[in-house]
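Trainee: A single structure is presented below for examination.
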């Protein structure tokens, strides 16, 4: 028996979370997870263009944490936990990566090379996610480490873009 991609669950403006809860498609949980999905898609594109192998490794580690975050957000409705949640150590890891990439530019720059431009697009998607998470942070029980991680991640993505742009 083959599975079909369509479920018809969303035909009335609802969807089902990973935790099994039926929620409106404009529920903050769905909005946050939609923005996580958008960021993951941007990182997929970025990974296909970056020129430095360690950048691909960074993106893979970031994507793994974003998948965990999406699961945590979706499971929050039923109080379940993911196996590898974002921790303070992950926030610190991002700070270390930012510092390893060197100093930020002294003036505004435009990204003209594909790897930098796509990483910058991912940074912008990360900022959108952060704004969506701000509302979620006020309305639900979002762990502070997860919010800090996304805040730092936009800085890391900028520095990655800048590093790729410099060549």
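Trainee: Applying the selection to the stretch 82-103, what residues are over 12 Å from residue 149 (Cβ atoms), exposed (fewer than 15 other Cβ atoms within 10 Å of the Cβ) and without any contact (Cβ under 8 Å) to a residue 60 or more places away in the chain?
Mentor: 83, 84, 96, 99, 100, 103
Trainee: Next question, about the same structure. Would you confirm whether any residue within the stretch 104-115 is buried (at least 20 other Cβ atoms within 10 Å of the Cβ) and either over 17 Å from the mean Cα position of the chain (by Cα) or not in a helix (DSSP H, G or I) (or both)?
Mentor: Yes: the stretch 104-115 contains one or more residues that are buried (at least 20 other Cβ atoms within 10 Å of the Cβ) and either over 17 Å from the mean Cα position of the chain (by Cα) or not in a helix (DSSP H, G or I) (or both).
Trainee: Scan the stretch 1-25 residue by residue and report those that are exposed (fewer than 15 other Cβ atoms within 10 Å of the Cβ) and either under 19 Å from the mean Cα position of the chain (by Cα) or in a helix (DSSP H, G or I) (or both).
Mentor: Of everything in the stretch 1-25, those that are exposed (fewer than 15 other Cβ atoms within 10 Å of the Cβ) and either under 19 Å from the mean Cα position of the chain (by Cα) or in a helix (DSSP H, G or I) (or both) turn out to be 9, 10, 11, 12.
The rows are residues; the columns are (1) over 13 Å from the mean Cα position of the chain (by Cα); (2) assigned to a helix (DSSP H, G or I); (3) at pLDDT below 95.
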residue: 96; (1), (2), (3): yes, yes, no
residue: 99; (1), (2), (3): yes, yes, no
residue: 125; (1), (2), (3): no, yes, no
residue: 138; (1), (2), (3): yes, yes, yes
residue: 149; (1), (2), (3): no, yes, no
residue: 158; (1), (2), (3): yes, yes, no
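The values are calculated or read from the model by the stated rules, or taken from the named source; none is laboratory data. As the structure is a computational prediction, the values presented were derived from the model and not from experiment. Cβ coordinates were reconstructed from backbone atoms using ideal geometry, including for glycine residues, and neighbour counts include every protein chain displayed.
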